[in-house]
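S.K.: Take a look at the following structure, please.
Laboratory data are not the source of any read-out in this text; all were calculated from the coordinates shown. Being a predicted model, the structure only gives us computed values, none of them experimental.
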Amino acid sequence: MPPMWYQLIKILVLLFALFTTGTNPTTVPEQQDQAQRTRQPPENPIVFPDSAVMHHMKTTTPPVIKRDIPQCVEDQANHKSKSFCTQVENYPDLSLIKGKLSQNFSNFFSDPEPVPVDISSRLGPNDEVFLCRSRRRYLYPKSGLKSDNTWQFIVNNDEFKQGILIEECENEEMPCDYSLSFPQRYKPICKQHYVLRMLASIRNTSGELDVGQESFKIPSCCKCVLKVL
């Protein structure tokens, strides 16, 4: 028969095994299953584009052209006016408002075309010399600058023509001729002068074309003004 102390040790080992098993309800298979689920990738992973893809997206996105804002395609080499444009990239089709133009706005398309005169160095009958050089042209603009300094489409095509005669400074904001003859406390400079004229214009009302009349800024002459220093 084994001694008493040996029996006590066996009872203590058995109690310790029962105690440790009862305090950890998660079995080994359950722990392995949780670890496996943790290692599995998500069904729809989020993929972020790298810098090369982002650069390609930025460079290939086409520019947005708003239909109601004129997109002028002229440049200074083609003698573009500062307040009018004769070539517009997104000019609308006027066929839908043709009837209204013929019936209600026919008086806008009846002016004859005057003959431009070269006045770059004008001399009056009494040998009056103009102090600022200018250039006169006759245009058929498709967009122009209104009196509120916003751009708008102007009716102009092969059937409905609106011609305007403009005179623009050749050297705006530059010193006038004979500037050294003025007193030293004055600085003579050339300034563009404008007049207002009503023209038949194109409106975009609720996504539909319409026609109306608006006041546009017409370059009329180049003045020499004095600034006090």
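S.K.: Can you compute 3J(HN,Hα) from phi for each residue in the range 151-166, using the Karplus curve 6.51 cos²θ - 1.76 cosθ + 1.60 with θ = phi - 60°, rounded to whole Hz and x for Gly and Pro?
M.R.: So the J values, rounded to whole Hz, are 8, 8, 5, 10, 5, 6, 8, 5, 8, 10, 10, 10, x, 10, 9, 10.
S.K.: When the Karplus curve 6.51 cos²θ - 1.76 cosθ + 1.60 is applied with θ = phi - 60°, which whole-Hz ³J(HN,Hα) does each residue of the range 96-106 get, with x for Gly and Pro?
M.R.: 6, 10, 4, x, 5, 5, 5, 7, 10, 10, 5
S.K.: Amide H neighbours of Tyr194 under 5 Å, at least 5 residues apart or on other chains, H built in the peptide plane: list them.
M.R.: Amide H neighbours of Tyr194: Ser220.
S.K.: Right, another one. Return the long-range amide H neighbours of Cys176 (sequence gap of 5 or more, or a different chain), with a cut-off of under 5 Å between placed amide H atoms.
M.R.: Ile189, Cys190
S.K.: For Gln71, enumerate residues with amide H under 5 Å from its amide H, sequence gap 5+ or separate chain, H modeled in the peptide plane.
M.R.: Distant-sequence amide H within range of Gln71: Glu89, Asn90.
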